[in-house]
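The values are calculated or read from the model by the stated rules, or taken from the named source; none is laboratory data. These figures come from a predicted structure and were not determined experimentally. Positions of Cβ are generated from backbone atoms using ideal geometry, with glycine treated the same way; all protein chains shown enter the neighbour counts.
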Amino acid sequence: NFISYLKQVSSYLSDGFKNRHLTWNTTSEDQIQKPVIILAANSHFYDTLQASMHTINDYLKDYTVAIYDLQFSPTQLNMIKENCVRCIIIPFPFAQIDSVAPHIRSLGNFAWKPIVIQDAVRRFSSIIYGDTSIRYKTSNFDRLLIDNLIRGFSCRELPGHYLPCFTLSGTFSWFNETFSTFDDVYIAEAGFLAVTDNFLSRLILKTWVTCALDSTCITPSYSRTQCKRVTGLTEKHRYDQSAMVTLLSFYFFPSPRQNGKSDPAPYDMYTSMQERIAEVRRFEGDKNYFTRRKKP
């Protein structure tokens with residue numbers, strides 16, 4: 001049945017953290033679809049986009065790049081097109097979504113991100129998404145992509161940072177749960193994701209987008225954050241991250257925690273690759289990369 005299938009997927013992925021998966025050696029390169037590199041930004045993040053593109057050009061020269069336009073200025077759009085002939089520019093459909101989810105225009109709640117990810121997977125089948133703060137360190141994603149053929153969706157956990165401590169209770173209520181259900185679940189980054197189109201990733205993305213389109217899920221009002229590791233109530237919330245990890249915990253079975261620690265969750269990239277494949281550099285931009293570079 002479906003639950004048994006999910007348990008088998010989680011068991012296989014968790015085992016990969018301790019043992020080499022046979023598929024790593026038996027899967028040929030032509031069986032691994034090269035992912036499209038996905039970014040999304042507006043005019044405010046134009047400089048950090050340039051900095052991210054710098055490392056993409058350093059490490060991922062032969063990869064297709066798609067950039068979702070969350071409202072660049074005309075000048076910025078022209079500069080992107082002039083400096084990146086391989087980049088596909090995709091306008092975000094704000095006008096079509098406004099009538100059902102006007103909160104999408106408030107970019108700070110990141111409700112746009114699940115929509116971008118789902119659209120990109122439908123278009124390209126295999127993607128690696130990075131916020132503009134992501135700086136790539138390698139192009140060797142093979143083990144990650146092989147495991148994603150089974151897993152469909154992978155991100156990076158943040159050990160020591162627990163989901164309920166960064167999630168408004170209204171989000172848990174939307175999923176018909178309470179904060180205590182997730183006491184031992186680590187939150188994960190939503191700024192660096194690898195997604196491959198399969199049965200499981202479609203379920204994950206459908207759930208994530210459904211939450212993103214409903215403000216009572218992605219950005220609940222009149223709600224507080226409560227967790228057993230912090231005294232009292234706070235208002236900490238991570239929007240896309242909070243929703244993403246909540247739903248991932250339904251589709252995957254993390255290993256049990258012993259002495260306050262556990263192996264990486266099945267959706268954690270660390271189960272596939274222990275190397276640093278990218279790092280986060282928030283607010284670190286490059287004002288002149290495109291202007292001084294001009295068409296590669």
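What single numbered condition from (1) at pLDDT 95 or above; (2) in contact with a Pro (Cβ under 9 Å, 6 or more places away or on another chain) fails to hold for residue 44? Answer for residue 44: the failing condition is (2). For residue 213, the stated conditions hold: it is surrounded by fewer than 20 Cβ atoms within 10 Å (Cβ to Cβ), closer than 24 Å to residue 39 by Cβ and of a type in the set (A, V, I, L, M, F, W, C).
At least 3 residues being closer than 22 Å to residue 59 by Cβ and either basic (Lys, Arg) or modelled with pLDDT under 95 (or both) is the threshold, and among the helices (runs of 4 or more DSSP H) wholly inside region 75-177 those reaching it are 142-151. When 62, 119 are checked against the criterion of being surrounded by fewer than 16 Cβ atoms within 10 Å (Cβ to Cβ) and out of contact with any Cys (no Cβ under 9 Å at 6 or more places or on another chain), 62 stands alone in meeting it. Got at least one residue in region 251-265 being modelled with pLDDT of 95 or more and of a type outside the set (Gly, Ala, Ser)? Looking for residues that are modelled with pLDDT of 95 or more and of a type outside the set (Gly, Ala, Ser), one finds none in region 251-265, hence no.
Taking the criterion of being in contact with a Cys (Cβ under 7 Å, 6 or more places away or on another chain), assigned to a helix (DSSP H, G or I) and modelled with pLDDT of 95 or more, the residues of region 178-224 that qualify are 211, 217, 218.
Does residue 47 fit the bill of being free of Cβ contacts under 8 Å to residues at least 60 places away in the same chain, in a helix (DSSP H, G or I), of a type in the set (D, E, K, R) and crowded, with 18+ Cβ neighbours inside 10 Å? No. Applying the set (1) in contact with a Gly (Cβ under 7 Å, 6 or more places away or on another chain); (2) within 21 Å of residue 283 (Cα to Cα) to residue 136 leaves exactly one unmet item: (1).
Among the residues making up region 101-110, those that are touching a Phe, Trp or Tyr at 6+ places or on another chain (Cβ under 7 Å) and within 17 Å of residue 189 (Cα to Cα) are 109, 110.
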